[in-house]
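Have a look at the structure below before the remarks.
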Amino acid sequence: MPFRPTAPVRIQPYFGYRNETRLFITGRALRSRVGAFEKRSKWRAAKTMLAQFASHEVPELPVQLEIVSPSGENRRHQGLTDKEGFVRFDITLDGDWPLADTPEWETVVFHWSNGEGEHCVDGHVLAPGRTTGLGVISDIDDTIIETGITGDFRAVLRNWRRVLLQMPEERILVPGADVFYNALGGGEPLSEGQGHAGEHLRASDRPFFYVSSSPWNLFSYLVTYIRSRGLPLGPIMLRDWGLNRDTFGSGSHGAHKRAAIEGILATYPDLKFAMIGDDSQGDLTAFGAIAVDNPGRIRAIFIRKVGEAMSPEETAAKAAIEAANIPLWLGDSYETGHEFLASIGLLGDQETRAIVDTIKETDPKAK
């Protein structure tokens, strides 16, 4: 039962992204207040976090998305929330919608009505730049934020104590993630506050996309965490959870991530990507399958080792990645350096060499 079933309807916008022909963005209609993730008593922290999951979704709510074309034309698109409160916009961009030279955040505006009148809230859409050659796709759990879980049901439940009782600033950053991610992404964080449709804001130097099996209810929590740690911000693709085996089973993690990553690759056919994950939720297996199915699209793969010995599926994925001549880092087992790059014909590839050199600087065990 929601804590505030009579709270006014609001729209929670999620980060979108676009290319020159299509724009994707999602929002969710909720009957709840906006929570503040401030460090305070354990009781207040638990109450704040429980409210993220007990909010009341609002179905069949008309929502308009206001966008502004590069020529200054203001357009509104109609949407309707589904039974879970989600409104998803997949917009064909008619006319000329060129990308800027460098990645930018473009401001859009969600409009809706409730019992208190007309309302609006800003949303942000990532538009990778024309000169961008490399994007980054990253996992979240145990890749940038320590959880200590390995994907099974009991481990997930143990981790909920952290989720419910620790605010974002209290969560443990994976050592070296801030240095490594900013070396890859750079740029400035997305500023907060009200803007207007069509406003452009600077994004990280390379576009970042986060793909996680965490529920959509944790979106604001994760954004606060990423901001507080100075990590590059980007679209975050989460999951709609149910209390069933499909949600908690380890196989579902890889399937969700693979589908999300393939959607990103299809949206940006001219971009190559580095993928970053860990070995707790099938990332190596999913990344390997993606690399094999998309030859020439994956520039490098990084897997942080947090679990036990590799499974047969992971061993097969590792072999497939190496057979495709894709640089692979496996924590303390990845042998890197210019000799390795030369052996696979990538010594002159500046993007790949920069990534591997960053690993050498942030991981003292890398060679």
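The values are calculated or read from the model by the stated rules, or taken from the named source; none is laboratory data. Since this is a predicted model, take the numbers as computed values, not measurements. Here Cβ is always computed from backbone atoms with ideal geometry, including for glycine, and neighbour counts include all displayed protein chains. Accessible surface is based on the protein model in full, side chains and every heavy atom, while ligands, DNA and RNA are left aside. Shrake-Rupley method; radii C 1.70, N 1.55, O 1.52, S 1.80 Å.
One residue stands out in the range 283-332 among those that are assigned to a loop (DSSP other than H, G, I, E, B) and in contact with a Lys or Arg (Cβ under 8 Å, 6 or more places away or on another chain): the one that is nearest to ASP141 (Cα to Cα), namely LEU330.
With respect to the conditions (1) farther than 21 Å from HIS196 by Cα; (2) open to solvent by 40 Å² or more (accessible area, probe 1.4 Å); (3) modelled with pLDDT under 90; (4) not in a helix (DSSP H, G or I), GLY35 falls short on a single one, namely (2).
The set of residues in the range 57-94 being touching a residue at least 40 places away in the same chain (Cβ under 8 Å) and open to solvent by 60 Å² or more (accessible area, probe 1.4 Å) consists of PRO62, ASN74, GLU84, ARG88, ASP90, THR92. Being among the polar types (S, T, N, Q), at pLDDT 80 or above and either more than 17 Å from LEU134 (Cβ to Cβ) or open to solvent by 50 Å² or more (accessible area, probe 1.4 Å) (or both) holds for only one residue in THR362, THR336, THR315, and it is THR315. Set side by side, the residues GLY282, GLY277 differ, and just one is crowded, with 22+ Cβ neighbours inside 10 Å, within 18 Å of HIS256 (Cα to Cα) and either touching a strand residue (DSSP E or B) at 6+ places or on another chain (Cβ under 7 Å) or of a type in the set (A, V, I, L, M, F, W, C) (or both), which is GLY277. Residues in the range 240-262 that are open to solvent by less than 30 Å² (accessible area, probe 1.4 Å) and modelled with pLDDT of 90 or more: 2 in all.
This table checks each residue for (1) under 14 Å from GLY27 (Cβ atoms); (2) touching a Pro at 6+ places or on another chain (Cβ under 7 Å).
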| position | (1), (2) |
| --- | --- |
| GLY85 | yes, yes |
| ASP90 | yes, no |
| TRP97 | no, yes |
| GLU106 | no, no |
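What residue, among those in the range 103-128 that are over 25 Å from PRO215 (Cα atoms) and without any contact (Cβ under 8 Å) to a residue 60 or more places away in the chain, is most open to solvent (accessible area, probe 1.4 Å)? Within the range 103-128, the match that is most open to solvent (accessible area, probe 1.4 Å) is GLU118.
Within the range 129-144, being open to solvent by 30 Å² or more (accessible area, probe 1.4 Å) and not basic (Lys, Arg) holds for THR131, GLY133. Filtering the range 208-230 to residues that are open to solvent by 10 Å² or more (accessible area, probe 1.4 Å), hydrophobic (A, V, I, L, M, F, W, C) and touching an Asp or Glu at 6+ places or on another chain (Cβ under 7 Å) leaves only TRP216. Could we say that ASP357 is out of contact with any strand residue (DSSP E or B) (no Cβ under 9 Å at 6 or more places or on another chain), modelled with pLDDT of 70 or more and open to solvent by 30 Å² or more (accessible area, probe 1.4 Å) here? No: the conditions fail for ASP357. Taking the range 84-106 as the range and being of a type in the set (A, V, I, L, M) and within 13 Å of GLU20 (Cα to Cα) as the test, the residues that pass are ILE91, LEU93, LEU99, ALA100.
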